[in-house]
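Below you'll find the structure, written out as structure tokens, and then a few comments.
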Amino acid sequence: MDNYNETPSVIVTGATGFIGRYLVKNLIEKKYNVIALVRDLEKAKNLSHLNLAKTAYFNIKDQSIKIEVPEKSTLIHCAWGDVNDVLNNIHIENHLLNNYLFIKNAVKMGIKNIIVTGTCYEYGLQYGPVSATDQTFPNTPYALAKDYLHKSLRILQNQLDFNLIWARLFYAYGDGQNEKSIIPLFDKALERDDKEFNMSLGEQLFDYLPAEKIAEYLTTLVSYKNGIFNVCKGEPISLRRLIEMRMLEKGKHIHLNLGYYNYRKQDSIALWGNESFENQIAQAPLPNK
């Protein structure tokens, strides 16, 4: 425990999730002490990326749980339920309040630096490049709950003393992603040597980032105080082009059955950050000392 008191500590929720796994690994590589809050301690013992992290029990539904908070620690809150069911009202009726109360209690326990992962879906059906300071127009229960959480925490800052960084994640991909996402589905089709892959027309223009890069950017934010950031590349690429590049990377070919699926009504057809994360950081106030 002495080591945790001498060097910077970062408390991570969602550490067993897709982005959380990459984040924990990156934080450890950058010499931070990591405390991973997990619901299943036994499961955590079998996850290699948590071997060098300290684990503690955490259940966002139980606000009575207290955690040990090292001095000057930062919380990176990645946890959120039902992220693959964005149209479910549980995000508004349940997850919003649980997440708000958890962060409020974390501040009361002594954590003064809070980083929360938001989502580009908060921008709704806007078309084209968006700035981190642009107005949000959430159009799904998931996006609305995230947006309300952000606004609620900003109001809470008027009552409690803490720093808040809201990091809107754009379109992530990488190993460990939900198996129903398009990249894992496509990779599985390649592995099976399928002759055809069904997809939409693929003309959507999105801002895609590998999960490793997102983790790197979130680690960078530990050194900063307040702000809103688009965690993005700042460049759009069509989904079809991304899939074609994936084919080249894997050295395999499969016929793309374009137009098999319709575009999802809840998603914008073109959405990307108006500037890269690096450019946003370059313009941000100086990091904490």
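The values are calculated or read from the model by the stated rules, or taken from the named source; none is laboratory data. Bear in mind the structure is a predicted one, so any value in this text is a computation, not a measurement. Cβ coordinates were reconstructed from backbone atoms using ideal geometry, including for glycine residues, and neighbour counts include every protein chain displayed.
Could you name every one of the helices (runs of 4 or more DSSP H) located completely within the range 1-61 that has at least 1 residues being buried (at least 20 other Cβ atoms within 10 Å of the Cβ) and at pLDDT 90 or above? Let's see the steps before the verdict.
Details: elements: 2-6, 18-29, 41-45.
Of the helices (runs of 4 or more DSSP H) lying wholly inside the range 1-61, those with at least 1 residues that are buried (at least 20 other Cβ atoms within 10 Å of the Cβ) and at pLDDT 90 or above span 18-29.
Out of the range 270-289, which residues are exposed (fewer than 11 other Cβ atoms within 10 Å of the Cβ) and in contact with a strand residue (DSSP E or B) (Cβ under 8 Å, 6 or more places away or on another chain)?
Of the range 270-289, the ones exposed (fewer than 11 other Cβ atoms within 10 Å of the Cβ) are 282-283, 285-286, 289.
Within the range 270-289, 285 is the sole residue that qualifies.
Got at least one residue in the range 113-121 being outside any helix (DSSP H, G or I), among the small types (Gly, Ala, Ser) and touching a helix residue (DSSP H, G or I) at 6+ places or on another chain (Cβ under 6 Å)? It would help to see each step written out before you state the result.
Taking the range 113-121 first, the residues outside any helix (DSSP H, G or I) are 113-119.
From the residues that got through so far, the ones that are among the small types (Gly, Ala, Ser) too are 118.
With touching a helix residue (DSSP H, G or I) at 6+ places or on another chain (Cβ under 6 Å) added as a condition, the list becomes 118.
Scanning the range 113-121 turns up at least one residue that is outside any helix (DSSP H, G or I), among the small types (Gly, Ala, Ser) and touching a helix residue (DSSP H, G or I) at 6+ places or on another chain (Cβ under 6 Å).
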Q. List pairs: first in the range 138-156 and farther than 22 Å from residue 108 by Cβ, second buried (at least 16 other Cβ atoms within 10 Å of the Cβ) and charged (D, E, K, R), Cβ under 6 Å, 6+ apart or cross-chain?
A. 138/122; 138/147; 143/122; 146/122; 147/122
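Residue 93 - would you say it is charged (D, E, K, R) and at pLDDT below 95? Talk me through it step by step, then tell me what you get.
Numbers: charged (D, E, K, R): yes; at pLDDT below 95: no.
No; evaluated as a whole, the condition is false for this residue.
When the range 171-230 is examined, which residues are found to be of a type in the set (D, E, K, R), free of Cβ contacts under 8 Å to residues at least 24 places away in the same chain and surrounded by 15 or more Cβ atoms within 10 Å (Cβ to Cβ)? Steps first, answer last, please.
Initial filter on the range 171-230 (of a type in the set (D, E, K, R)): 175, 179-180, 187-188, 191-196, 203, 207, 212-213, 216, 225.
The next check asks that each one be free of Cβ contacts under 8 Å to residues at least 24 places away in the same chain; those that pass are 179, 188, 191-192, 213.
Once the filter is applied, which keeps residues that are of a type in the set (D, E, K, R), free of Cβ contacts under 8 Å to residues at least 24 places away in the same chain and surrounded by 15 or more Cβ atoms within 10 Å (Cβ to Cβ), the range 171-230 yields only 213.
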Q: Look at residue 114 and say whether it is farther than 24 Å from residue 273 by Cβ and under 17 Å from the mean Cα position of the chain (by Cα).
A: no
Q: Filter the range 130-171 down to residues that are among the charged types (D, E, K, R) and assigned to a helix (DSSP H, G or I) and give me whichever is nearest to residue 89 (Cα to Cα).
A: 146
